[in-house]
Amino acid sequence: MQITIIASGSGGNATLFASRGTRVLVDAGVGPRVLAQCLAAAGAGGALGWAPDAIVVTHAHADHVGVAAKYNKKHKIPVYASEATARAAALGDPERVRLFSSREPFAIGALTFSPKPLPHDAAQVALVVDDGARRAALATDLGEIPPGLLEHVAGCDVLMLESNYDEDMLDAGPYPQHLKRRIRSARGHLSNAQACALLAALPGGTHTVALMHLSENNNRPELALDAARDALAGKRARL
Ligand SMILES: [Zn+2]
Ligand SMILES: [Zn+2]
């Protein structure tokens, strides 16, 4: 399985999963030109020279939905979403919107997606993507680690996990109080410390961890990386 993280953060999110001729874009929260360039660079061929076979939208926030509806309408690419997400966001022509249950696995070509609901201020899912040989987990936009998430992602070869904010930087930062409260809440985003709690409990099997959805204002990559490195001490996983 080939994984290309095209963009991650509140400015936009898109990750391409490719295996045995199937290419699925999870979230399409980047501009069409950037997306087309990144897909071409990632070797996403297809009839249009750059198109994925399908787009899976994790939740209805703009930094994830992005150009999904445009791709659906203009390039006739099916968009997969949970019922709640499809209700909350325009995803294009309803005939090409495929609904999935946020608790049941579904297949797109060579890839199987296993969702799990996450606590966020929009109906959100973590996804484990399985091509029969390798498994990768993607979990961003969650206010806390819900029961069962560790078991859901345990043993995945690759884990892409949100590490949104440093608590001190958020406290001292420029955001208004209501926004700070929203981010910190159980339906907001995951702090470096919360991400580390999951990483520290991660059983063997994971060889690569990627920290995702870092805040530009309330985090610094080196803070998130240092904390995660400590949490993963003694484990095989690399950052
Ligand atoms: Zn987001
Ligand atoms: Zn969100």
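The values are calculated or read from the model by the stated rules, or taken from the named source; none is laboratory data. Owing to the predicted nature of the structure, the values given are computational and were not obtained by experimental measurement. Cβ sites come from the backbone with ideal geometry, for glycine too, and all protein chains shown count toward neighbours. Note: accessible area is taken over every heavy atom of the protein model, side chains too, but ligands, DNA and RNA are not part of it. Shrake-Rupley method; radii C 1.70, N 1.55, O 1.52, S 1.80 Å.
Go through the stretch 134-183 and report how many residues are away from ligand 1 (no atom under 16 Å from the Cβ), open to solvent by 20 Å² or more (accessible area, probe 1.4 Å) and of a type in the set (A, V, I, L, M, F, W, C).
Number satisfying all stated conditions: 6.
Quick one: count up the residues across the stretch 78-113 that are touching a helix residue (DSSP H, G or I) at 6+ places or on another chain (Cβ under 6 Å) and part of a strand (DSSP E or B).
Looking only at that region, the number is 3.
Out of (1) more than 16 Å from ligand 2 (Cβ to nearest atom); (2) free of Cβ contacts under 8 Å to residues at least 40 places away in the same chain; (3) outside any helix (DSSP H, G or I), the odd one out for LYS116 is which?
Every listed condition holds for LYS116 apart from (1).
Go through the stretch 138-192 and tell me which helices (runs of 4 or more DSSP H), entirely inside it, have 3 or more residues that are within 14 Å of ligand 2 (Cβ to nearest atom).
Because the criterion is at least 3 residues that are within 14 Å of ligand 2 (Cβ to nearest atom), the helices (runs of 4 or more DSSP H) in the stretch 138-192 that meet it are 177-184.
Any residue that is over 17 Å from ALA54 (Cα atoms) and hydrophobic (A, V, I, L, M, F, W, C) - is there at least one of those in the stretch 92-107?
Checking the stretch 92-107: not a single residue is over 17 Å from ALA54 (Cα atoms) and hydrophobic (A, V, I, L, M, F, W, C).
For ALA81, indicate whether it is at pLDDT 90 or above, farther than 23 Å from THR4 by Cα and touching a His at 6+ places or on another chain (Cβ under 9 Å). Step through it out loud before you land on a result.
Values: at pLDDT 90 or above: yes; farther than 23 Å from THR4 by Cα: no; touching a His at 6+ places or on another chain (Cβ under 9 Å): yes.
Here the answer is no, as ALA81 does not meet what is asked.
Can GLY155 be described as in contact with a Lys or Arg (Cβ under 8 Å, 6 or more places away or on another chain) and closer than 25 Å to PRO117 by Cα?
In short, yes.
Select from the stretch 123-137 the residues that are away from ligand 2 (no atom under 12 Å from the Cβ) and of a type outside the set (D, E, K, R) and list them in ascending order.
Listed by number, the residues that qualify are ALA126, LEU127, VAL128, VAL129, GLY132, ALA133, ALA136, ALA137.
Condition first: open to solvent by 10 Å² or more (accessible area, probe 1.4 Å) and either touching a strand residue (DSSP E or B) at 6+ places or on another chain (Cβ under 8 Å) or within 14 Å of ligand 1 (Cβ to nearest atom) (or both). Now tell me which residues in the stretch 199-211 satisfy that.
Listed by number, the residues that qualify are HIS207, THR208, ALA210, LEU211.
Is there a residue in the stretch 107-124 that is within 16 Å of ligand 1 (Cβ to nearest atom), open to solvent by 40 Å² or more (accessible area, probe 1.4 Å) and more than 17 Å from the chain's Cα centre (by Cα)?
no
Could you tell me which numbered condition ALA36 fails, if it satisfies all but one of (1) outside any loop (DSSP other than H, G, I, E, B); (2) open to solvent by 50 Å² or more (accessible area, probe 1.4 Å); (3) farther than 25 Å from LEU149 by Cβ?
Of everything listed in (1) outside any loop (DSSP other than H, G, I, E, B); (2) open to solvent by 50 Å² or more (accessible area, probe 1.4 Å); (3) farther than 25 Å from LEU149 by Cβ, ALA36 misses just condition (2).
For every residue, the table says whether it meets (1) free of Cβ contacts under 8 Å to residues at least 60 places away in the same chain; (2) under 24 Å from ASP27 (Cβ atoms); (3) of a type in the set (A, V, I, L, M).
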residue: ALA193; (1), (2), (3): yes, no, yes
residue: LEU211; (1), (2), (3): yes, yes, yes
residue: ALA231; (1), (2), (3): yes, no, yes
residue: LYS235; (1), (2), (3): yes, no, no
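Quick one: in the stretch 54-70, of everything that is in contact with a Ser or Thr (Cβ under 6 Å, 6 or more places away or on another chain) and open to solvent by 10 Å² or more (accessible area, probe 1.4 Å), which residue is nearest to ligand 2 (Cβ to nearest atom)?
ASP63
Given the conditions (1) crowded, with 19+ Cβ neighbours inside 10 Å; (2) more than 17 Å from the chain's Cα centre (by Cα), report the number of the one that LYS76 does not fulfil.
Against the list (1) crowded, with 19+ Cβ neighbours inside 10 Å; (2) more than 17 Å from the chain's Cα centre (by Cα), LYS76 comes up short only on (1).
Filter the stretch 2-32 down to the residues that are on the phi > 0 side of the Ramachandran plot and either within 12 Å of ligand 1 (Cβ to nearest atom) or not small (Gly, Ala, Ser) (or both) and list them by number.
Our first condition is that a residue be on the phi > 0 side of the Ramachandran plot; within the stretch 2-32, this holds for 9, 12, 20-21, 27.
Across the stretch 2-32, the qualifying residues are GLY9, GLY12, ARG20, ASP27.
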